[in-house]
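Below is one structure, written out as C-alpha cells, with a few remarks after it.
The values are calculated or read from the model by the stated rules, or taken from the named source; none is laboratory data. What you are looking at is a predicted structure, and each value in this text was computed from that prediction instead of being measured. Note that each Cβ is placed from the backbone with ideal geometry, even for glycine, and that neighbours are counted across all protein chains shown.
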Amino acid sequence: MNELIDFINRNYIEGIVNDTSYNHFDMITYVLILFAGVYAVLKLLNKLRIRIDEEFVIATIPYIFMGSVFRVIEDADILKPPVKYFFITPIIFFVIFAICFGILLLTRYLEKIKKITNYIRAYAIAGVILSLAGFAILIFNSSFNVNISILAYSLVPAIILTWIVCKVSPAIGMIYLRSRMYSFAIFSFMLDSFTTYIGVDLFGYINKHPFSSFLTSIVGTGAVLIPLSLILVMVIVFLIEKDSKGDQNEDEKYMLTLTLIVLGFSMGARNLLAMFIGV
C-alpha cells in the first residue's frame, strides 16, 4: 500500500502541487480520462436533449479560452494555495466543465421559461463575458512587460497557415475544412505548434509534454511540430468526416471536433497569453 501511495504522489500529486512537466503515467491517464469524459458528456447531453452541432461547438470556444486565461492567472502566481490547485491540469478541466455545463443548463432553462429567446447565443455570450473578466484580472494583476511582438511571431502565422489550408482544401478533396469548426480546429493546432516553437526555441520556455519534447530533442528545434501538427489534425479531421458520412446522428462528429479544439486551443491560447504578458 505504501508503494502505491508513493507511486501516486510521485507521478500525479507532485505534478499538480508543483506544476511540473507531465510524465508518461499522468499523460496517458489524463488522455484516457479525457476520452471517457467526452463519451460521458455526449451521453449526458443526448439524455438532456441538448442539440450538439456546429453552433454548439463554436459557442463553447469562449469557455476554452476562459480556461486558458485562468491557467495563465495561476502561472502568474496571482492565485495562492489551495485555490491555485484548482487551476492546474487536470483539475482545471473539471472546474471549467462545471462552469460551462452549469451555464448551459441555466440558459436552456431561461429559454424554456421564455426569459431569453436563444439559449445557445446566451451561453456563448456568457462565455465571452467570463473570458474578458478573466483577461481583465490577468492584466490588472500583472506587473509584467507586455510583449506584443509575440502576436506577429505566432498568432499571425497560425492564422495565415489556416487560411492557406482552407483555400487549397477543394484541390485536395477536403472542402469541408472550410467549415467554421474544422478551420478553427486547424487554427488551434497551428497556434499550439507555433507558440510551442517560439516559446521553447526563442524565449527559453520548457515544454511540459513528453512526446513533443522528445520530437524536438531529436530534431533540435520545435519548428518540427508545425508540419507534424498540421498533418495530424488534417488526418484526424479526415477520419472524423469519413466516419460520419451517411450517419444521421452526427453528435459524435461534433463532440470529437470539439475535443480536438480543446486539446489544441487550450494549450495554444495559454502559451500565447503567457508569452504575451511575460510569465
**Report entry** Selection within the range 61-114 - basic (K, R) and in contact (Cβ under 8 Å) with a residue 12 or more places away in the chain
**Finding:** R71, R108
Report task. May I ask you to list the residues in the range 142-158 that are of a type outside the set (F, W, Y) and surrounded by 15 or more Cβ atoms within 10 Å (Cβ to Cβ)? Result -> S142, I150, S154, L155, P157, A158
Report task. Those residues that are buried (at least 18 other Cβ atoms within 10 Å of the Cβ) and within 12 Å of V41 (Cβ to Cβ), I need them from the range 86-109; list them, please. Result -> C100, L104
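Scan the range 143-151 and give yes if some residue there is assigned to a helix (DSSP H, G or I), hydrophobic (A, V, I, L, M, F, W, C) and in contact with a helix residue (DSSP H, G or I) (Cβ under 9 Å, 6 or more places away or on another chain), otherwise no.
Within the range 143-151, one or more residues are assigned to a helix (DSSP H, G or I), hydrophobic (A, V, I, L, M, F, W, C) and in contact with a helix residue (DSSP H, G or I) (Cβ under 9 Å, 6 or more places away or on another chain).
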Requested in this report: Return the only residue of D6, D77, D19, D53 being surrounded by 12 or more Cβ atoms within 10 Å (Cβ to Cβ), of a type in the set (D, E) and modelled with pLDDT under 85.
Outcome: D19
Report summary line: Filtering the range 160-175 for residues that are surrounded by 15 or more Cβ atoms within 10 Å (Cβ to Cβ) and not in a loop (DSSP other than H, G, I, E, B) leaves a count of 5
Query - Members of the range 172-215 found to be hydroxyl-bearing (S, T, Y) and at pLDDT 75 or above, listed by number - result: Y176, S179, Y182, S183, S188, S193, T195, T196, Y197
**Report entry** Residues of the range 129-167 satisfying the condition of being closer than 19 Å to I64 by Cα and charged (D, E, K, R)
**Finding:** none
Query - Selection from the range 159-202 of residues that are over 17 Å from R270 (Cβ atoms), hydroxyl-bearing (S, T, Y) and touching a residue at least 40 places away in the same chain (Cβ under 8 Å) - result: Y176, S179, Y182
Query - Extreme residue, farthest from the chain's Cα centre (by Cα), among residues of the range 68-121 that are aliphatic (A, V, I, L, M) and not in a helix (DSSP H, G or I) - result: I113
